[in-house]
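One structure is given here, and the rest of the page talks about it.
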């Protein structure tokens, strides 16, 4: 099997992906700035997307790379993510890497994309500047314990008996269970039919954010919660409100909320033929996330 460099190996998606890749027989290198502290599957290796020399060392002898890096908690995330992606893509090319797999964000090309989604598109292009084929999986909200977007939903439902919410709650999205994201990632890694392609992934349902919150409340509380829409609640005010009610910081909340006015649904289901399998219904994904959050760390 292949030697795979996994960036973001200790993050929400990466820590779930590493053990599956090892189980499939891959030699996993988990790139981290603190390799001595890495306790997950595979080998911890030092690497920092802001340090080109470290990338050269981390990528030496690597066949395939998975890029799960972002800086949403930084006010200057667009520039930082673009610079990091270009550096990584060029270092991967110099190392002879055969494929880079990137988890990006859904959103139609013609839309007036938010800074968050616009940055995800820019990263897609920057990763390929060195000439390595990039496989992009574009997703909307990923539902799973520890995921930022899911945690906002869960904590709002848990902490508030009623909600006053902005009009973006009526925007459609297509949430996907984190287990399905892992299945798709594993299915495209080393799959030459996916090289150089942009593939959209999502769960079986298209829901508004309001419907997501109400279905989550039904699972968590056994009932819906009163929700009132206020058209004039701005993204800035929304982010402060979310930071006050949840443990998500204001900068990250604002960068995500700016994207919620954009409809993000799957418009091309080519992935279903490339990586077949049943998709997890939203309420089942919610139940799995809640059960996982009860497990000891």
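Return the residues of segment 141-151 that are assigned to a helix (DSSP H, G or I) and out of contact with any strand residue (DSSP E or B) (no Cβ under 6 Å at 6 or more places or on another chain); say none if nothing qualifies.
If the condition is that a residue be assigned to a helix (DSSP H, G or I) and out of contact with any strand residue (DSSP E or B) (no Cβ under 6 Å at 6 or more places or on another chain), then 148, 149, 151 are the ones that fit.
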In the set 22, 66, 45, the lone residue that is in a strand (DSSP E or B), within 19 Å of residue 178 (Cβ to Cβ), at pLDDT 95 or above and touching a strand residue (DSSP E or B) at 6+ places or on another chain (Cβ under 6 Å) is 66
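In segment 25-42, which residues are out of contact with any strand residue (DSSP E or B) (no Cβ under 9 Å at 6 or more places or on another chain) and either at pLDDT 95 or above or surrounded by 19 or more Cβ atoms within 10 Å (Cβ to Cβ) (or both)?
Answer for segment 25-42, where residues must be out of contact with any strand residue (DSSP E or B) (no Cβ under 9 Å at 6 or more places or on another chain) and either at pLDDT 95 or above or surrounded by 19 or more Cβ atoms within 10 Å (Cβ to Cβ) (or both): just 25.
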Is segment 174-194 home to any residue that is closer than 27 Å to residue 244 by Cβ and either over 18 Å from the mean Cα position of the chain (by Cα) or at pLDDT below 95 (or both)? no
It is to be established whether one or more residues within segment 105-112 are part of a strand (DSSP E or B) and modelled with pLDDT of 95 or more.
no
Within segment 244-254, residues at pLDDT below 75, surrounded by fewer than 17 Cβ atoms within 10 Å (Cβ to Cβ) and farther than 17 Å from residue 118 by Cα come out as 244, 245, 249, 250
So, first residue more than 17 Å from residue 156 (Cβ to Cβ) in segment 224-237, second residue modelled with pLDDT of 60 or more, Cβ within less than 8 Å, six or more apart or across chains; the pairs are 231/166; 231/167; 234/166; 236/254
Sole miss for residue 92 among (1) crowded, with 20+ Cβ neighbours inside 10 Å; (2) at pLDDT below 95; (3) part of a helix (DSSP H, G or I) is condition (2)
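Residue by residue, here is whether (1) closer than 23 Å to residue 147 by Cα; (2) buried (at least 21 other Cβ atoms within 10 Å of the Cβ); (3) modelled with pLDDT of 95 or more; (4) out of contact with any strand residue (DSSP E or B) (no Cβ under 7 Å at 6 or more places or on another chain) holds:
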{"residue": "230", "(1), (2), (3), (4)": "no, no, no, no"}
{"residue": "235", "(1), (2), (3), (4)": "yes, no, no, yes"}
{"residue": "283", "(1), (2), (3), (4)": "yes, no, yes, yes"}
{"residue": "290", "(1), (2), (3), (4)": "yes, no, no, yes"}
{"residue": "293", "(1), (2), (3), (4)": "yes, no, no, yes"}
{"residue": "296", "(1), (2), (3), (4)": "yes, no, no, yes"}
Any residue that is more than 24 Å from residue 63 (Cα to Cα) and in contact with a strand residue (DSSP E or B) (Cβ under 8 Å, 6 or more places away or on another chain) - is there at least one of those in segment 128-140? yes
Of the conditions (1) more than 18 Å from the chain's Cα centre (by Cα); (2) surrounded by fewer than 22 Cβ atoms within 10 Å (Cβ to Cβ), the single one that residue 68 does not satisfy is (1)
Given the conditions (1) surrounded by fewer than 18 Cβ atoms within 10 Å (Cβ to Cβ); (2) under 30 Å from residue 6 (Cα atoms); (3) modelled with pLDDT under 90, every one holds for residue 257 apart from (1)
Q. Before we move on, is residue 59 crowded, with 16+ Cβ neighbours inside 10 Å, over 16 Å from residue 104 (Cα atoms) and at pLDDT 95 or above?
A. yes
Of the residues in segment 2-24, those that are surrounded by fewer than 23 Cβ atoms within 10 Å (Cβ to Cβ) and in contact (Cβ under 8 Å) with a residue 60 or more places away in the chain come to 2, 3, 8, 12, 13, 16, 20, 24
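Within segment 170-196, track down each residue that is assigned to a loop (DSSP other than H, G, I, E, B) and crowded, with 19+ Cβ neighbours inside 10 Å. Even if it seems obvious, please write down each step before you answer.
At the first step, the residues of segment 170-196 found to be assigned to a loop (DSSP other than H, G, I, E, B) are 171, 174-175, 189-191, 195-196.
Across segment 170-196, the qualifying residues are 174, 175, 189, 190.
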Condition set in contact with a helix residue (DSSP H, G or I) (Cβ under 6 Å, 6 or more places away or on another chain) and farther than 16 Å from residue 286 by Cα, scope segment 150-169, selection surrounded by the fewest Cβ atoms within 10 Å (Cβ to Cβ): answer is 159
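The values are calculated or read from the model by the stated rules, or taken from the named source; none is laboratory data. Note that the coordinates shown come from a computational prediction; the quantities given were computed from them, not determined experimentally. Don't worry about glycine lacking a Cβ; one is built from the backbone with ideal geometry, like all the others, and counts go over all protein chains shown.
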